[in-house]
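To start, the structure under review is shown below, and the notes come after it.
Every number here is computed from the coordinates shown, using simple stated rules; none is lab data. What you see is a predicted model, and the numbers here were worked out from it, not measured in a lab. Cβ placement follows ideal geometry from the backbone for every residue including glycine, while neighbour counts extend to all protein chains displayed.
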Amino acid sequence: MQNAFGQPQTIVLLGGTSDIGLAIARELLSPATRSIVLACRDLDAGEKVATSLRTDQVGVDVVHFTAEDVESHGDVLAEIAAKHGDLDVVVLAFGMLGEGDVTASDPLAAARLAQVNFTGAVSASLATVVQLRQQGHGTLVVMSSVAGERVRKGNFVYGSTKAGLDGFAQGLSDWLAGTGVNVLIVRPGFVHSAMTRGLKAPPFSTTPEKVAAATVKGLGAGRRIVWTPGILRPIFVVFRHTPVAIWRRLPLG
Amino acid sequence: MSRSAGFSVSRKSLTGWGRTNPSVADVVEVLKSDVAAAVKESGSRGALVRGLGRSYGDAAQNGGGLVLRLAGSASDASLDTAARTVTVSGGASLDDLLRIIVRRGFFVPVTPGTRSVTIGGAIASDVHGKGHHVDGSFGNHLVRMSLQLADGSVVQVSRSSDPELFWATVGGMGLTGVILDATIHLLPIESSRMAVDTHRIADLDSLFDVMSVDDDKHRYSAAWIDLVAKGRHLGRSVLTRGDHAHFDALDAKAQVTPFEYDPHQLASVPPLVPRHGFLNHATVTAFNELWFRKAPRHRLCELQTISEFFHPLDMIGSWNRLYGRPGLVQYQFVVPFGEEDTMRRVVERLSASGVASFLAVLKRFGAANDAHLSFPRPGWTLALDMPGGSKGLGDLLHGLDQMVLDAGGRNYFAKDAHTTPAVIRRGYPRLAEWQAIQQRVDPTGVWQSDLSRRLELVPTHSATRVRRASHT
């Protein structure tokens, strides 16, 4: 159970090696923290990260988790809850970017992206919610993206998975009203991280640390949606209402 | 959601008085006779009884589990005037009880700063009041209780029949069973008025001195400290000390109705207040200044009513709403005598932090009782209310916890909303002893609360309890 200041005792990262997920875990660390669970595909990579987080006070557990293996999600989350007790904050941090042009012309790669970013995220979210509802409290943080707010041609497969996920998370949040379970939707812009390494950064790009700070602030304030950086919210209001003829021609990559 | 037995269940979001950190539970309104049947329905998240929800943090919450609301009033209380005891339902409030016994010339042995607490809650938190230095805490005056155990049986517990269970239940935060009714010793009084002495004290050191010298001459004593004041005003305070007024002290008019008692609310805070509440640094500073200025430098033997002296905040209904959406956090700790310096450093840190602390109360505790998890111990206790949204408050309190522990002190379960299992283990060295008794009466882990999970007071039995639930 988190305390009155929203300092969680147990933090779970689905996508345990995600730069943004780890930055959020570090930002949430407080004297109240007891355990961090890194659920990830690559156990070796997870173990490396765990070593850097582990202290006398904070136990770090690495658990095998694969986004596409939706059949395992229920068991994975149930085992985490059985071992660690109440899950205070669960961050849905996994996701793939894909190479825009390649994915567009490669149906299989596109389908795999959708399986991870949307299908896997939907399944993992609902498996998490089963646990959170049983405990009557807890927050699921869903890493959405501004890319889903108006999908652009340069990475429309990725953008569409995030659009789907964002819509799912909004509906989930409404469906959970009154259960004690909260959903926080985070919509970052371009984030400098392992996922975007080598890509040219657009204006208003940000860092995992800044996304984490905005996320934790949003958690404390009980927000439903966090835009980070905040300037992207008015920008995307304009983008959403830009006529197609112009939108198509915008040099947004 | 409805269940087969004759009681109804509804899902509700619950918080403590501080209105922080909600969790959702199945809330069941029960009569004493239904408690066992209701508890049988509990699953892996267990059950807990909740009184009037006046503990500040998560002590009376049980997210995902059952929360029992025990119906109770003092109308069936049985007063034994010869033995000076009353037997009263665990779900009855001190308010109910006072309305019956004051007119008969008796007072409760201990009252906290509000009368909106149940008898069961007063025992489970082993509450204290302004009289601790003389009278000790609530458990000191408990004669016996009937306790509904996890297995459905009801046992009569007194300090001679089962001293372990008696003292594990006093201060046991509801984790040993449900207190169905209790017999407590009462205090005979000659009138319903209080004779009160008030002194304005310039700083913290003078306050320690004054309280150390002659606190014991008064049954009740507590000081209000202005923690917003800095520099040479640090720790300026208003000390009020009182006793139940003798009949002779009343004027002729009051002598006609010496036991008149009619407490009422002056006003109630509406449910809608601004998002950030009304209490911020500016309003609290202004309030504290006014409070200090309006207090007389010295005033002796002023007659006050019971509610004016003991329960001033009860005059404003739902005052916790003044803190707005972030709610409030109360921090209360005790440090032993001789650790005045630690108290001073804590006060300095709070004052320097700029946190707007409204109504800090300093009090001298007397002897501890035998309850394993009872909070009071000889020393100084400070309680302060702060807006839950204050920046950096979480880290500040974790820091203060270490100072308090290093001084041999501890903090109070009924107020706690932030601390950690490690801090509790240092502050309550008899926790393991208590846990052994708790395990004896609740081996399958029926009694659980958000507080018990957060502070790891009882082992989690998820595996056993799931099995048990699946058989039913």
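Can you tell me the relative contact order of chain B? Whole percent, Cα pairs under 8 Å, sequence separation 6 or more. Show your work: numbers first, answer last.
Working: 1086 pairs, mean separation 86.3, N = 472.
This gives 18 percent for chain B.
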task = Mind pulling the angle between the C-alpha long axis of helix A:156-175 and the longest principal axis of chain A? Nearest 10 degrees, somewhere in 0 to 90.
result = 50 degrees
ask   = Which whole-Hz ³J(HN,Hα) couplings does the stretch A:59-66 yield from phi under the Karplus relation 6.51 cos²θ - 1.76 cosθ + 1.60, θ = phi - 60°, glycine and proline marked x?
value = x, 10, 10, 10, 10, 6, 8, 10
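With charges only on Cβ, +1 for K and R and -1 for D and E, what is the dipole size of the protein assembly as shown about its Cα centre, in debye, rounded to 20? Numbers along the way, then the final one.
Numbers: 75 positive and 68 negative charges, 394 e Å.
The calculated dipole for the protein assembly as shown is roughly 1900 debye.
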remark   = Scoring the stretch A:10-247 by relative contact order with C-alpha pairs under 8 Å, at least six apart, yields a percentage of 19 percent
ask   = Taking amide hydrogens as modeled 1.01 Å from N in the peptide plane, which residues meet the under 5 Å criterion relative to A:VAL62, leaving out close sequence neighbours?
value = A:LEU38
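Please identify every one of the GluC sites (Glu not before Pro) in the stretch B:229-318 that sits in a loop by DSSP and has no more than 14 other beta carbons within 10 Å of its own beta carbon. Don't jump to the answer; show the numbers that get you there.
Numbers: sites: B:GLU260, B:GLU289, B:GLU302, B:GLU308; in loops: B:GLU260.
When the GluC sites (Glu not before Pro) of the stretch B:229-318 are filtered for loop state and at most 14 Cβ neighbours within 10 Å, B:GLU260 remain.
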ask   = Separation between the B:PHE278 and B:LYS253 pseudo-spin-labels, each 7 Å from Cα along Cα→Cβ, expressed in nm?
value = 3.0 nm
ask   = Between the stretch B:377-412 and the stretch B:280-328, what's the alpha-carbon centroid distance in Å?
value = 21 Å
task = Sort B:SER357, B:SER8, A:SER205 so the one with the fewest other Cβ atoms within 10 Å of its own Cβ comes first.
result = B:SER8, A:SER205, B:SER357
query = Against the longest alpha carbon principal axis of chain A, how many degrees, from 0 to 90 and to the nearest 10, is the axis of helix A:70-84 turned?
reply = 40 degrees
note = In Å, the Kirkwood hydrodynamic radius from C-alpha pairs for the stretch B:74-188 sits at 13.9 Å
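About its Cα centre, how strong a charge dipole does the stretch A:87-169 have in debye, to the nearest 20, once Lys and Arg get +1 and Asp and Glu get -1 at the Cβ?
Using Cβ point charges on Lys, Arg, Asp and Glu, the stretch A:87-169 gives about 140 debye.
How much length is gained if the chain between B:VAL134 and B:HIS264 is pulled fully straight, taking 0.36 nm per residue apart and subtracting their Cα-Cα distance, in nm to one decimal?
Working: separation 130, 0.36 × 130 = 46.80 nm, distance 2.82 nm.
Additional length available on full extension: 44.0 nm.
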query = B:ALA83 versus A:VAL58, label points 7 Å from Cα toward the beta carbon: distance in nm?
reply = 5.7 nm
message = About the Cα centre, and with charges only on the beta carbon of Lys, Arg (+1) and Asp, Glu (-1), how big is the dipole of the stretch A:122-253? Nearest 20 debye, please.
response = 480 debye
request  = Between A:THR196 and A:VAL237, with labels modelled 7 Å along Cα→Cβ, what's the label distance in nm to one decimal, could you check?
outcome  = 2.3 nm
Vicinal HN-Hα couplings computed from phi for the stretch B:110-123 (Karplus, 6.51 cos²θ - 1.76 cosθ + 1.60; Hz; Gly/Pro x) = 9, 10, x, x, 9, 8, 7, 10, 7, 4, x, x, 5, 6
remark   = Helix A:19-28 sits off the longest principal axis of the Cα atoms of chain A, rounded to the nearest 10 on a 0 to 90 degree scale, by 40 degrees
query = Which FRET efficiency value, to the nearest 0.05, do you get for A:GLU209 and B:ILE316 by plugging their Cβ-Cβ distance into 1/(1 + (r/R0)^6) with R0 = 35 Å?
reply = 0.20
task = With N denoting the number of residues in the protein assembly as shown, provide Rg(C-alpha) divided by 2.2 N^0.38 Å, to two decimal places.
result = 1.05
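If you take the alpha carbon radius of gyration of the stretch B:330-425 and divide it by 2.2 N^0.38 Å, what ratio comes out, to two decimals? Show your work: numbers first, answer last.
Values: Rg = 12.7 Å, N = 96, 2.2 N^0.38 = 12.5 Å.
For the stretch B:330-425, the normalised Cα radius of gyration is 1.02.
If you rank A:ILE11, A:ILE225 by fewest surrounding Cβ atoms within 10 Å, what's the result? Don't skip to the end; give the middle numbers.
Details: A:ILE11 28, A:ILE225 17.
Fewest-to-most Cβ neighbours within 10 Å comes out as A:ILE225, A:ILE11.
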ask   = What share of all Cα pairs of chain A, in percent, falls into each consecutive 5 Å distance bin?
value = 1, 6, 14, 19, 21, 17, 11, 7, 3, 1, 0, 0
